[in-house]
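The values are calculated or read from the model by the stated rules, or taken from the named source; none is laboratory data. Note that the coordinates shown come from a computational prediction; the quantities given were computed from them, not determined experimentally. Cβ placement follows ideal geometry from the backbone for every residue including glycine, while neighbour counts extend to all protein chains displayed. For accessibility, only protein heavy atoms count, side chains too; no ligands or nucleic acids. Shrake-Rupley method; radii C 1.70, N 1.55, O 1.52, S 1.80 Å.
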Amino acid sequence: MQLDFSEEQRALQADVRRFFERACPISTVRKVIDSGDSHDPVLWKQVSEQGFLAAAIPEAFGGAGAGYLELCLVAEEVGRALAPLPAVSSLYQAAELILMTGSDAQKRTWLPRIASGDVIATVAVAEAAGNVAADLISAQVSGGKLTGRKWPVSDGLVADLAIVAARCDQGISLYLVDLASAGVSRRAVKSIDPSRPQAEILFDGVAVELLGAAGEGLGLIDAVRDRAAILVAFEQIGGAQAALDMARDYALGRYAFGRPIGGFQAIKHMLADMYVSLELARSNSYYGAWALATNAPQLPLAAATARVSAIEAYKLCSSNNIQTHGGMGFTWEFDCHLHYRRARYLASVLGTSPLWERKLVAAYRSAA
Amino acid sequence: MNFDDTPEEAAFRARARAWIADNAPHALKPELEVAGFGHLHLQSTDALAASKAWQKKKAGAGWAAPRWPKIYGGGEVSPIEQVIWGQEEGVYAKLAGPFVIGLGMCGPTVMHWASEEQKRSLLPRLAAGEDIWCQLFSEPVAGSDLAGIRTRAERDGDEWVINGQKIWTSGALDADWGLLITRTDPGVAKHRGLTMFFLDMKSPGVEVRPIRQMNQESSFNEVYFTDVRIPDAQRLGAVGEGWSVALTTLMNERQSIGGSMPTGVPELFDLCRDMDLLDDGAVIARLAKFAARSSGLRYTAFRSISALSRGEQPGPENSIGKLVAGSLMQEVAQFALDLEGEAGLVEDPLLAVHQGRFQAMLLRSPATRIEGGSDEILRNIIAERVLGLPADIRVDKDLPFKEIPSGAAAR
């Protein structure tokens, strides 16, 4: 049994980590936040040139063709670095959907451009409060034209291509929409994680192209989110580890009552609980990585399990990191809130815990 | 990333499986499968006799203490092979209860500190289940603070005279030998005045009193020593070196690798299915979080096994097992009884929901969170050894033991 990554994969991860340490220090994240930019285009170009995020796209479609295990480790480093990049939207979801269900022509058209970073793609499903459900979708396609309003759309302002869930005669379907088309208007909306911006997009009779079978939209979204959940879980454990490391370092350096606060059991035990939560999430995520890489029948259960525990771990580590820092953790200039915000973004972006808890129990049930 | 055995592991597994098929007490299997955790009770036969018989049979083929050298009754297998053996032994491992302390803690301590002659006479009998060992460490005033023990050992010629009291000793009633930590010098700092012995539990002056536990079982005991005499030859380590010897024992206590502790989560799913609650939103939310923790434990154990399979030591993730499993089972049991409604009040196995298993978990799980390192001690260990945070300030560290303040002796 090897529920672990190989030496070669670990070496790749170390390379990716060094890359982000050099190319994406926290000042890069801050620059995106302070400027209101959607992402860091220089970093995006560098990451794309390295092919890191295209690890799982086949070479025939312009990807690196390395595989999902490699992509998981890249995602962990993206999470650790708080990289301000549209990875979840463009690679983990849009590219996966096109790979999963696109026609040959659609794959040939879009995948090489997504892999190279020339096209940023996103997925537009939500349009109201509540996790994804058919009765919450009122955007509509008739006569090949899309009309409706989608919010929030991650990376929606900068994206070139959106995969939109909308109603048609057969139910909910997915459509490829070139966001440069006539009839698209969009605006930035204030995001809880400004390093991962959100947009509202209005579609007014926009020409669209069906992606996958008509009426299968929600099933496809469900399937792609199982895959994306595992990649996002790796971003979450990377972020949670970074938050735990920050808390540990601060607890060692900050003195109160004549000694490092890390010597007080209240702090020690809080940090130990963060570590425990993180290791549980890490182990579940490794299992998820195996299920993703092998397309195992256990994928839905593995994905839901990894997601439920990774959401919890990052929430715990990022909030307790602020707590460890005391009042300074509440300031804008300390970086604690960047993890707190990113933890919330990653907890929301593929649907929230209640949705995944239902998926977990349903998957456990059908596995038994 | 795979769940396959290496060819060597597969060959070993086949050998273990074949031996178990030929030798295990298959007649006991149905009873063992439904046996709850904790003290083993069997209807068809005496549990201790069945345990000894299986242990003896295993010893004959080198499976009794798989990792030990053959001259001490072991099988000289590798760490990963021991894990595979455990997986294959499966439900029959429940029979090993009386020997767990001896094999896991006393044996390795004897192996490290006793004379060659002693090792050759004691260890094969321990491995074969002919002798049962217990560990005489905790005292009424010294649990987590083990170095604060007070049981006195005073030298008298070639012998030592022991007076004092131990508590929380598992299996002391059945034990033939005990590993005993004592205070030999109260005039020096507490860690420096300790000395370790092993003794015949049938020695005059040893009195074992079962503790009636809150769950009405009695797997733990108090052990009283009144002028008990131990030959100096049964001292382990030098006089005053007892703390180092104890650390050998305690390191082994936390080295159990690859096994997942029971959490009650699969049983909770069964209950929810039987009660048709798997579509209830409030139930789903709790169940999913429990399942994620339980699954995390399972795959954390798999990560440790993976390290062993590569010939490496498992990482620090191995330290979270008992900390997670103890409180998880307690929460699962409380939740199960919530679901059972007023019927949850019934413990009687003939009437109770699911044979009263959740009631048993509820009443046993507090002990899991205390024994073998309390939740608080485990968090300290993770904080200090994994995260590198400072050790607690110990105000009594350099005081002579007899000058250390103590509250009223706790019962």
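For this structure, a couple of remarks:
- Lysine pair count for chain A [Cα-Cα under 27 Å; pairs on different chains or 8 or more apart]: 13
- Accessible area expressed per residue, segment A:227-368, with surrounding protein chains retained (probe 1.4 Å, Å²): 33 Å²
- Near-label residues of segment B:77-98 by backbone N, under 18 Å of a point 7 Å along Cα→Cβ of B:Asp22: B:85, B:88-89
- Buried solvent-accessible surface, both chains (B, A), 1.4 Å probe, Å² to nearest 100: 4200 Å²
- In nm, spacing of pseudo-spin labels at B:Asp348 and B:Glu241 (7 Å Cα→C-beta vector): 5.9 nm
- The angle separating the long axis of helix B:79-89 from the principal Cα axis of greatest extent in chain B is about 50 degrees.
- Using a probe radius of 1.4 angstrom, the carbon and sulfur fraction of the accessible surface of chain B is 52%.
- Overall Cα dimensions of chain B - principal axes, largest extent first, Å: 71, 50, 46
- Cα shape, segment A:131-233, gyration tensor, a/c 1.5 rule: oblate
- With contacts taken as Cα pairs under 8 Å and at least 6 residues apart, segment A:7-116 reaches a relative contact order of 31 percent.
- For segment B:133-253, the relative contact order is 28 percent, taking Cα pairs closer than 8 Å that sit 6 or more residues apart in sequence and dividing their mean separation by the residue count.
- Each helix, a run of at least 4 DSSP H residues, gives -39500 (n - 2.57); summed and divided by the residues of chain B, these come to -12000 deg cm²/dmol at 222 nm.
- Partner lysines for B:Lys190 [C-alpha distance under 22 Å; skip if fewer than 8 residues away on the same chain]: B:Lys166, B:Lys397, B:Lys402
- Based on DSSP H segments of at least four residues, each scored -39500 (n - 2.57), chain A has a per-residue ellipticity at 222 nm of -17500 deg cm²/dmol.
- For chain A, the carbon plus sulfur part of the accessible surface works out to 53%, probe radius 1.4 Å.
- FRET efficiency, 1/(1 + (r/R0)^6) with R0 41 Å, evaluated for B:Asp46 and B:Met251 via beta carbons: 0.75
- Annotation: lysines with alpha-carbon distance below 26 angstrom to B:Lys29 (same-chain offsets under eight excluded): B:Lys52, B:Lys56, B:Lys57, B:Lys58, B:Lys94.
- Degrees, to the nearest 10: B:265-274 long Cα axis against longest axis of chain B: 30 degrees
- Cα-based helix-to-principal-axis angle, B:7-23 vs chain B, degrees rounded to 10: 90 degrees
- Dimensions (Å) - segment A:218-367, Cα atoms, principal axes, largest first: 57, 26, 23
- Distance between segment B:152-189 and segment B:1-28 - C-alpha centres, whole angstrom: 42 Å
- The magnitude of the dipole of the protein assembly as shown, with charges of +1 and -1 set on the Cβ of Lys/Arg and Asp/Glu and taken from the Cα centre, is near 880 debye.
- Candidate cross-link partners of B:Lys289 among the aspartates and glutamates, defined by an alpha-carbon separation under 14 Å and a same-chain spacing of 8 or more, comprise A:Glu312, A:Glu357, B:Glu331.
- Under a Gaussian network description of chain A, with springs only between Cα atoms under 10 Å, the residue in A:Ala313, A:Ala233, A:Ala296 that fluctuates furthest is A:Ala296.
- Pairwise FRET efficiency - B:Ile211 versus B:Asp232, Cβ, R0 = 45 Å, nearest 0.05: 0.90
- For segment A:1-31, a decrease in accessible area of 20 Å² or greater in the assembled protein chains relative to the isolated chain, with a 1.4 Å probe, applies to A:Met1, A:Gln2, A:Leu3, A:Asp4.
- Prolate/oblate/rounded call for segment A:7-116, Cα gyration tensor, a/c under 1.5 rounded: oblate
- Helix runs (DSSP H) in chain A reaching 15 Å along axis by Cα, Kyte-Doolittle at least 0.0: A:68-81, A:217-253, A:265-294, A:299-325
- Residues of segment B:361-399 buried by at least 10 Å² of accessible area upon assembly of all protein chains, compared with the chain on its own (1.4 Å probe): B:Glu376, B:Arg379, B:Asn380, B:Ile382, B:Ala383, B:Val386, B:Leu387, B:Gly388, B:Leu389, B:Pro390, B:Asp392, B:Ile393.
- Cα-centre dipole for chain B with unit charges at Cβ (Lys and Arg positive, Asp and Glu negative), debye to 20: 720 debye
- Efficiency of FRET between B:Gln355 and B:Glu117 - r from beta-carbon atoms, R0 60 angstrom, step 0.05: 0.75
- Note that segment A:7-116 presents 39 Å² accessible area per residue, ligands and nucleic acids not counted, probe 1.4 Å.
- What separates the Cα centres of segment B:79-130 and segment B:271-327 is a distance of 27 Å.
- Per residue, chain B exposes 46 Å² of solvent-accessible protein surface, assessed with a 1.4 angstrom probe and all protein chains in place.
- Alpha carbon centroid spacing (whole Å) that separates segment B:218-242 from segment B:337-411: 26 Å
- Residues losing 40 Å² or more accessible surface upon assembly, segment A:284-303, compared with the chain by itself, 1.4 Å: A:Asn284, A:Tyr287, A:Trp290
- Taking all C-alpha pairs of chain A, those more than 25 Å from each other amount to 53 percent.
- Relative contact order of chain A: 15 percent, from C-alpha pairs under 8 Å at least 6 residues apart in sequence.
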